[in-house]
Amino acid sequence: MISNFFLKKKTIRINQIFPNIKKNFIIDGVKPIHLAKKNDLTFFDSSKYKAFALQSKSSFCITTDKLKNFLPKKVNKIIVKNVLFELAKVLKKIYTNADIDYPDLHLKKSNSKKYKFVKFGNNVLIGKGVKIGKNSVIGSNTILEQNVSIGKECIIGSNVIIKNSILGDKVVIQDSCKIGQKGFGFIPIKGQNFKFPHIGRVLIDDNVEIASGCTIDRGSVDDTKIGKNTYLDNQVHIAHNVQIGSDCMIAGQVGFAGSTIIGNNVSIGGQAGISGHLNIGNNVKIGGGSGVIKDIEDNQTVMGYPAVPFKNFIKNWKK
C-alpha cells in the first residue's frame, strides 16, 4: 500500500518500540487492520471495525484491554490506554518525516527533453522520480513533488500543488488545487498537540475531474481514494482516508471528515457536511446544506441537519 513517498528506517524491531516485548520481530510496515499482513504492525481502536479485527492477519496489534478479545489468538496484543496516541508515537519513530510536510527542496524546472510528449506552462517545478504520461498538459506555476505519478492525457491547471499522489489517465485538475498534503490529525495532551504522522497517499482513478480550489488530504495510515468518472465542484475538502466511489457528483463547498466511505453514483449538494467514519451507500442523494452524522443505506435521498429521509424533511418543513 505505502509507496516510496515515505521511507521507513531500514530495520525496526518491535522491541525497539515496545521494550516489554521480548520477541525479535522486524516490522515491515504499519497498516490498517483490514490490510495488515503477517509482518505488519496494525491497530484496533473501535468496535466498529471488529469484523476486520476478527480476520486480522497481523502478528502484532496495538489495542485496548476492552477490545483485545475481538482479535484472533495468534495476534500478539499490545495493550495500551490510548491507541491513537501510541500509534502516532510509533509512526513518528518509523517514518521520521511524515508528521510535517517539509518542502521538496530538489525541485527543478520542467524538462521538455525528459517529458517529450508533455506540454508545460511557465515555471513548472518537478521533483525527483515524477512520472507524467503522454499527451498531458501541466499549467503554469504548478508543482509536482517527488515520486508523484500522472497518467496519460491529464490536464493539470495552474498554481496546483500535488504531492504523495498517483493519478490515473484523463484526469482533470483545475487551478489552485492542493492534493496530497498532510491531513488534520493530532493527539491533544497536556501542554502540546502531538502531531499524527500521515504515511498514506492520494489515489485518483481515470476520468476524474476536480474543479478549482479543492483540497484533498493524503491518508493517515490508509489511502485517500477517488473512483472513476467522479466530478468535484469548486472548493471541496476531502480529509484523510476518505474513499469516494465511481460516478459521483460533489457540488461546491462540500466537506468530508476523515475515514468516511462514499459509494458509487452518489450526488451531494453544495455546502453539505459529511461526518467522519461513516458509510454512505450506492445511489444516495444528499441535499445541499445537509449535515450527515450517521450511515446511509443504498438508494436513499436525505436532506437537513441532521440529514433525514427527504419525505420526512418535507413533512417537518411544512409544519
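With neighbour counts taken as other beta-carbon atoms within 10 Å, the residues S165, S112 rank, fewest first, as S112, S165.
Equivalent ellipsoid of region 198-248: semi-axes from √(5λ) of the C-alpha gyration tensor, largest first, are 18, 13, 7 Å.
The Cα atoms of region 148-297 cover 49, 35, 22 Å along the three principal axes, with the biggest extent listed first.
Quick one: if the Förster radius is 45 Å, what FRET efficiency do K315 and L54 give, using the C-beta to C-beta distance and rounding to 0.05?
It comes out at approximately 0.65.
Estimated purely from DSSP H runs of n ≥ 4, each contributing -39500 (n - 2.57), the mean residue ellipticity at 222 nm for the chain is -2500 deg cm²/dmol once divided by its residues. In summary, the convex hull built on the alpha carbon positions of region 138-205 has an orientation-averaged projected area of 5.3 nm². Evaluated on the chain, the Kirkwood hydrodynamic radius is 20.9 Å, with distances taken between all distinct Cα atoms.
What shape does region 91-198 have by the C-alpha gyration tensor, where a ≥ b ≥ c are the square roots of the eigenvalues, rounded means a/c under 1.5, and otherwise prolate means a/b greater than b/c and oblate the rest? Taking the square roots of the gyration eigenvalues as a ≥ b ≥ c, region 91-198 is prolate. Under the simplified labelling scheme, the I26-Y305 pair shows an inter-label distance of 5.3 nm, with each label point 7 Å from Cα along Cα→Cβ.
Taking other Cβ within 10 Å of each residue's Cβ, how do F70, F6 sort, fewest first?
F70, F6
The share of alpha-carbon pairs in region 14-94 lying farther apart than 18 Å comes to 32%. In terms of other Cβ atoms within 10 Å, I155, I132 run from fewest to most in the order I155, I132. The relative contact order of the chain comes to 8 percent, based on Cα pairs under 8 Å that sit 6 or more residues apart. Under 4 °C and 1.567 mPa s, how fast does region 1-149 diffuse according to Stokes-Einstein, given a Kirkwood radius computed over C-alpha pairs? Answer in µm²/s, whole number. For the chosen part, D equals 72 µm²/s.
Subtracting the Cα-Cα distance of N283 and K108 from 0.36 nm times their residue separation leaves 58.6 nm of extension gain. The distance between label points at H34 and F184 comes to 2.4 nm (points 7 Å beyond Cα on the Cα→Cβ vector). State the Cα centre-to-centre distance between region 117-142 and region 71-112 in whole Å. If we compute the Cα centre of each part, the gap is 29 Å.
For region 82-173, applying the loop criterion from DSSP together with a ceiling of 13 other beta carbons within 10 Å to the chymotrypsin sites (Phe, Trp or Tyr not before Pro) yields F117.
Would you work out if region 164-250 is rounded, prolate or oblate? Take a ≥ b ≥ c from the square roots of the eigenvalues of the alpha-carbon gyration tensor; rounded if a/c is under 1.5, else prolate when a/b is larger than b/c, oblate otherwise. Judged from the Cα gyration tensor, region 164-250 comes out prolate (a/c at least 1.5, a/b above b/c).
Here are some pairs, K22/K50; K114/K134; K89/K128; which of them have Cα atoms lying more than 21 Å apart in this structure? Kindly include the intermediate steps, with their values, before the conclusion.
Working: K22/K50 27 Å; K114/K134 11 Å; K89/K128 29 Å.
As for pairs spanning more than 21 Å Cα to Cα, those are K22/K50; K89/K128.
Take the Cα of T11, step 7 Å toward its Cβ, do the same at N122, and the gap between the two points is 5.4 nm. With a threshold of 22 Å on the Cα-Cα distance, the over-threshold entries among K285/K311; K170/K228; K23/K190; K109/K131 are K23/K190.
Summary of the geometry: region 220-275 and region 1-52, compared by the centres of their Cα atoms, lie 28 Å apart.
Just so you know, all these numbers are worked out from the coordinates, no wet-lab data involved. All values reported here derive from a predicted model rather than from experimental measurement. Because the Cβ atoms are built from the backbone with ideal geometry, glycine has one as well, and the counts that use them run over all protein chains shown.
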